[in-house]
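> My questions will all concern the structure given below.
The values are calculated or read from the model by the stated rules, or taken from the named source; none is laboratory data. Predicted model, so just to flag it, every value in this text is computed and none were measured. Cβ sites come from the backbone with ideal geometry, for glycine too, and all protein chains shown count toward neighbours. For accessibility, only protein heavy atoms count, side chains too; no ligands or nucleic acids. Shrake-Rupley method; radii C 1.70, N 1.55, O 1.52, S 1.80 Å.
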Amino acid sequence: METPRVIDTHCHLWMGDDTKYLDQIAEDGIIEQAWILAHECHVVSDTYRSATKAQVLEAARRYPGFILPFGYIDWRQDASQIDILKEQGFFGLKAIRPIYNYDDERYYPIYKRAEELDMPIEFHVGIIANRPLDVLTDPRFSPGPIRMRPSMLDTIAAVCPKLRLIQGHMGVPWCNELFESLWYYPNIYAGISGLTDWEWLIKNLSRKACDQTPFHQKIMFATDSYYGEVPPELFYRRVYFINDFFRFVGETYDWGSHREDVMRNNAIRFRDGNICKR
């Protein structure tokens, strides 16, 4: 069986002292790089132990080149937090559970500062895991998806045309909004993670944006899994599934031959800033 090399553009880190799973994944070479997203909007408990920003940075130092750290945007703070995250060593930013809609004008200074510092932002869009208010670190944080619709990134992309944006989770159930975002805005990409509308992907991967960029060059592989929590083989199941999706389902579509773009190459272009811009 062919062993693909992939870049995981949306994943997290499980807090704990035992790093054997993470060590193995880093050494196996199947996952070439992991974009670890910190999100500190949930209360840490015995059953939920998502790593803090400091722990994500420490992991990035322990696994240089393998972990690309993304810092959490705290919606209670102003744009000065972006300078701090940049100085600390974060490559990009993670957006999830805003107090107001993502495209609220009160957040413009945050996005503009991220654009100035060349820090891409990965947004959670669409359906979100059920977390009651009492497990959020602030009751003002959004417990549901309504403040995180894909179309809200259109405004951000227009206000900040040089800011690289990723729509995580494909925007389910608002996939048509994601289609419009990918169509109009060259600085918006999307990641295949979490609940995915496979029928939508099959129908749309061959479409082209208004600048003629094929959609299969704007979508990137992701697991949305927690490194350090589960054995590597559970990670690799998704790697092989997406790989085979392109090999077997895609063999009758022209997008099927672009498996390596989705699994790895698009992430490299996005990471290095080599994407289409107005």
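> So, how do all the Cα-to-Cα distances of the range 184-272 break down into 5 Å bins, in percent, from 0 on up?
It works out to 3, 13, 24, 25, 19, 10, 4, 2, 0, in whole percents.
> Which of rounded, prolate or oblate describes the range 27-87 when judged by the alpha-carbon gyration tensor and an a/c cut-off of 1.5?
oblate
> Mind ranking Tyr100, Tyr227, Tyr21 by accessible surface for me, highest first, 1.4 Å probe? Could the numbers behind the result be given before it?
Working: Tyr100 85, Tyr227 0, Tyr21 60 Å².
Heavy-atom accessible area, descending, gives Tyr100, Tyr21, Tyr227.
> For the range 1-42, take every pair of Cα atoms, bin their distances at 10 Å starting from 0, and report each bin as a whole percent.
Histogramming the range 1-42 at 10 Å steps yields 24, 49, 23, 4, 0 percent.
> Please work out the C-alpha center-to-center distance from the range 93-164 to the range 28-72 and express it in whole Å.
A separation of 19 Å, based on Cα centres.
> Any idea of the accessible area per residue across the range 189-278, 1.4 Å probe, to the nearest Å²?
46
> Would you mind getting the Kirkwood hydrodynamic radius of the range 90-220 from its Cα pairs, rounded to one decimal in Å?
The Cα-based Kirkwood calculation yields 15.0 Å.
> Counting only DSSP beta bridges with both residues in the chain, tell me the antiparallel percent, nearest 5. Show your work: numbers first, answer last.
Details: 3 of 30 bridges.
Bridges in the chain that DSSP calls antiparallel: roughly 10 percent.
> For Lys162, give me every one of the lysines with a C-alpha distance below 23 angstrom, ignoring sequence neighbours fewer than eight places off in its own chain.
Leaving aside lysines fewer than 8 places away in the same chain, those within reach of Lys162 are Lys86, Lys94, Lys112, Lys208, Lys218, Lys277.
> With every protein chain kept in place and ligands, DNA and RNA left out, what is the accessible area per residue of the range 8-97? Probe 1.4 Å, answer in Å².
For the range 8-97, the per-residue accessible area is 40 Å².
> Note down the accessible area of Met15, probe 1.4 Å, to the nearest 10 Å².
Answer for Met15: close to 40 Å² accessible.
> Hey, any idea what % of the range 1-153's accessible area is carbon plus sulfur with a 1.4 Å probe?
Roughly 48 percent, rounded to a whole number.
> Separate question: Which distance in nm do the two modelled labels at Lys20 and Ile202 give, with both placed 7 Å along the Cα-to-Cβ direction?
Output for this residue pair reads 4.1 nm.
> Oh, and also: Can you tell me, using C-alpha contacts under 8 Å and at least 6 residues apart, the relative contact order of the range 60-131 as a whole percent?
33
> With label points built 7 Å along Cα→Cβ from the Cα atoms of Asp272 and Gln88, find their separation and express it in nm.
Going from the Asp272 label point to the Gln88 one covers 2.9 nm.
> Now, a different point. Hand me the GluC sites (Glu not before Pro) from the range 1-45 located in a DSSP loop with no more than 10 other Cβ atoms within 10 Å, in residue order please.
Details: sites: Glu2, Glu27, Glu32, Glu40; in loops: Glu2, Glu40.
Counting only loop positions with at most 10 other Cβ atoms within 10 Å, the GluC sites (Glu not before Pro) in the range 1-45 are Glu2.
> Please compute the Kirkwood hydrodynamic radius over the chain, one decimal place, Å, based on all pairs of different Cα atoms.
Averaging 1/r across every pair of different Cα atoms and inverting gives 18.8 Å.
> Principal axes first, then extents: for the Cα atoms of the range 1-122, list largest minus smallest coordinate on each axis, whole Å, largest first.
49, 33, 27
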